[in-house]
1. Given LEU108, LEU132, LEU146, which one is within 21 Å of MET1 (Cα to Cα), surrounded by fewer than 17 Cβ atoms within 10 Å (Cβ to Cβ) and more than 9 Å from the ligand (Cβ to nearest atom)?
2. Any idea which of (1) under 22 Å from the mean Cα position of the chain (by Cα); (2) not in a helix (DSSP H, G or I) is the one SER49 doesn't satisfy?
3. Being more than 10 Å from the ligand (Cβ to nearest atom), assigned to a strand (DSSP E or B) and touching a residue at least 24 places away in the same chain (Cβ under 8 Å): is that true of VAL63 here?
4. Would you call VAL122 under 30 Å from GLU38 (Cβ atoms), assigned to a helix (DSSP H, G or I), within 13 Å of the ligand (Cβ to nearest atom) and among the hydrophobic types (A, V, I, L, M, F, W, C)?
5. Check ARG197 against each of (1) part of a helix (DSSP H, G or I); (2) basic (Lys, Arg); (3) out of contact with any strand residue (DSSP E or B) (no Cβ under 7 Å at 6 or more places or on another chain) and name the one condition it does not meet.
6. Taking segment 82-105, which residues are within 11 Å of the ligand (Cβ to nearest atom), over 21 Å from ALA28 (Cα atoms) and part of a loop (DSSP other than H, G, I, E, B)?
7. If the requirement is being more than 16 Å from TRP137 (Cβ to Cβ) and among the small types (Gly, Ala, Ser), which of these qualifies: ALA80, ALA115, ALA119, ALA95?
Amino acid sequence: MKVAIIGPGRVGTLLAVAAARAGMRVVAIAGGAETAREHLRSIVAGVRSYAEVASATQGAELVLLCVPDGAIADVAKALARDGAVGEGHRVVHVAGSLGLEPLRQVALTGAGVAACHPAMTVPTGATDPDLLVGVAWGVTATGSNLGWAQELVTDLGGDPFPIPEDARVLYHAGLAVGSNAVGAAVATARRLLMAARIDRPDRFLAPLIERSVANVLDQGAQALTGPVIRGDVGTVATHLEVIDRDVPELSAAYRALAEATLAPVRVTMDPTILAELDRLLSQTER
Ligand SMILES: NC(=O)c1ccc[n+]([C@@H]2O[C@H](COP(=O)([O-])OP(=O)(O)OC[C@H]3O[C@@H](n4cnc5c(N)ncnc54)[C@H](OP(=O)(O)O)[C@@H]3O)[C@@H](O)[C@H]2O)c1
C-alpha cells in the first residue's frame, strides 16, 4: 500500500512512522511547513515532499488527511476539484468529531472515503508508533469502505469501532471530557495540594487517581465516593470557604467539578441536602 500524507503535524508524522512500520510505503508528504516535512523525511525513508497537496497523491493508493479539522473539507474539495483523487484512491481523515460529510466531494470522484480517528492524545514530537498500539479508533465508513478502513486501523496496531455519522460529535465530546477534562481535574487537584504546601503532590495523587479512574471505568458513576456523593454539606462548605479565601482562582473549577460529581446522584439524593449543596455550589467566591 502506497501512502500519501497531507499535513506533517503531530498525527501526520506519527502515522507516517506507524504506516512504515506496518509495511506500507509512505511515498509523499504534503502541506504545512517545509521544516515539518523535512523532519518527517528524516525519520521515514523514501518520502517525497510537496508544498502543494494536489501534487502528492500521484502514485499513492491511500491519502491520509492529517490537517486541522477546519481545513479538512477545503483540502478534500481541492483534491477532488484538481482531479488529484479518484477511483483507485482511498481518502481518510483522522478527526474525531467529523464523519464523511467533509469528504463528500472526494466520494463523488469514485474514491473510497472513511473517517478513522485514533482515540489517543498525540503530543508534539511523538514518533513512537507504539503510542497507537491497542488504541481504539472510531471508524465511519459505508458499504465496502468499512472493510478496508477497519483493516487499515488494525494494520496500524489499533482496534476499530464503527461510529455512525450522526454520533461522531457526541463520541468526540466524550473523548474530549475523558482526556482534557480529566487532565484539568488532575491539574486542579495538584494545585490544591501545592497550596497546602505539599511539595510531592504526585505521591498522593498517582495511586488515588489510578484507583479512582479504574473503579469508574469498571463500575460507572456508582464507584464515585467523597463528600459530594455522601451529601456531606459541612465538609463541602469548609472546602469552599478555604478555597475561596486562599486559592480563589480554583473556586470555579472546584464548584464545576463538584457539580459534575453531583449529577449522577441527583435523583437519589435527599432533596433537602441536594438543595443545600446546590446553594453552596452556585455561590460565587467572595
Ligand atoms: N493531536 C492529537 O492528539 C490528535 C489525536 C487524534 C486525532 N487528531 C486529528 O488529527 C488531525 C491533525 O491534528 P494534529 O494534532 O496533528 O494537528 P497539527 O499538529 O497542527 O498538524 C496539522 C498539520 O497540517 C498542516 N496544515 C494546516 N492547514 C493545512 C492545509 N490547508 N493544507 C495542508 N496542510 C495544512 C499544518 O501545517 P502548519 O503547522 O504549518 O499550519 C500541520 O503540519 C486533526 O484532524 C485532529 O483532530 C489529533
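Laboratory data are not the source of any read-out in this text; all were calculated from the coordinates shown. What you are looking at is a predicted structure, and each value in this text was computed from that prediction instead of being measured. Heads up, the Cβs are rebuilt from the backbone with ideal geometry, glycines too, and the neighbour counts pull from every protein chain shown.
1. After ruling out the rest, the residue left standing is LEU146.
2. Here SER49 clears every test but (1).
3. When the stated conditions are applied, VAL63 passes them.
4. no
5. Checking ARG197 against (1) part of a helix (DSSP H, G or I); (2) basic (Lys, Arg); (3) out of contact with any strand residue (DSSP E or B) (no Cβ under 7 Å at 6 or more places or on another chain), the one that fails is (1).
6. Result: GLY96, SER97, LEU98.
7. Numbers: ALA115 fails: more than 16 Å from TRP137 (Cβ to Cβ); ALA119 fails: more than 16 Å from TRP137 (Cβ to Cβ); ALA95 fails: more than 16 Å from TRP137 (Cβ to Cβ).
From the options ALA80, ALA115, ALA119, ALA95, the qualifying one is ALA80.
Yes/no matrix, rows are residues, columns are (1) of a type outside the set (Lys, Arg); (2) within 12 Å of the ligand (Cβ to nearest atom); (3) in a helix (DSSP H, G or I):
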residue: LEU14; (1), (2), (3): yes, yes, yes
residue: VAL26; (1), (2), (3): yes, no, no
residue: ILE29; (1), (2), (3): yes, yes, no
residue: ARG37; (1), (2), (3): no, yes, yes
residue: SER42; (1), (2), (3): yes, no, yes
residue: ILE72; (1), (2), (3): yes, yes, yes
residue: VAL75; (1), (2), (3): yes, yes, yes
residue: ALA80; (1), (2), (3): yes, no, yes
